[in-house]
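Structure first, commentary second.
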Amino acid sequence: MRTYDQLGDTPPPFNLARNDDAFSTNGAHTVERHGPDLTMRRDPSTRTVEGRIYGDPPWPSRESRSFKWTDHTTMNREVNRYVQENWETIRSDLAANGTHKGGFDAHHRVGEGYYNKGMYGAGPPQAEYGTTSLVSVRIKLVPGSDPPQPFIVTAFPTGVL
């Protein structure tokens, strides 16, 4: 109950670029992997959204879906809206086990990217472009912080919840 009480009734606002800078050593990575400034199409000289489907360097492995936010304003607005509207659940999850995982439908386009048409053993990787209104969010507490300090591990547009 102490952690729950310390988190308070009012959710903290988040700026995801500042959040990632402050908590990258704790795993925060929204802008690096899903930021709106990422290049879309495969390019061997840089990290790309499409390249993630194929596991192109510097991505460590292939992914079935890879989406980026449409812009910084949408990213921050939608994540903060989610936190605001779901603070009681988020606060309870953080107090109970130090982590919260959730998702929502923004009901408008928030991201664009690719899904792998060849996933689930149907063949080799084959990137197919798409847009999405779905978002996945993971929030944790900074280990050992007192008072407890929540941070966004990642928040990204996704093709499925």
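The numbers here are math on the coordinates, done by the rules we state, and not lab data. In this text, all values refer to a predicted model and were calculated from it rather than measured experimentally. Glycine gets a Cβ as well: all are built from the backbone with ideal geometry, and neighbour counts include every protein chain shown.
Quickly run through segment 101-114 and pick out the residues that are crowded, with 19+ Cβ neighbours inside 10 Å and under 14 Å from S136 (Cβ atoms). Hits for segment 101-114 are V110, G111, G113. Which members of segment 63-77 meet the condition of being among the charged types (D, E, K, R) and either under 14 Å from L38 (Cβ atoms) or in contact with a strand residue (DSSP E or B) (Cβ under 6 Å, 6 or more places away or on another chain) (or both)? E63, R65, K68, D71, listed by residue number. Residues in segment 11-57 that are touching a helix residue (DSSP H, G or I) at 6+ places or on another chain (Cβ under 6 Å) and among the basic types (K, R): R41, R42. Within segment 42-62, if we keep just the residues that are touching a strand residue (DSSP E or B) at 6+ places or on another chain (Cβ under 8 Å) and of a type in the set (D, E), the residue that is surrounded by the most Cβ atoms within 10 Å (Cβ to Cβ) turns out to be E50. Given the criteria aromatic (F, W, Y) and either surrounded by fewer than 18 Cβ atoms within 10 Å (Cβ to Cβ) or in a strand (DSSP E or B) (or both), does F14 qualify? The answer is no for F14. Restricting attention to segment 78-123, the residues that are under 30 Å from Q6 (Cβ atoms) and of a type in the set (K, R) add up to 3. Restricting segment 72-100 to residues that are surrounded by fewer than 19 Cβ atoms within 10 Å (Cβ to Cβ) and not in a helix (DSSP H, G or I), the residue that is nearest to the chain's Cα centre (by Cα) is T99.
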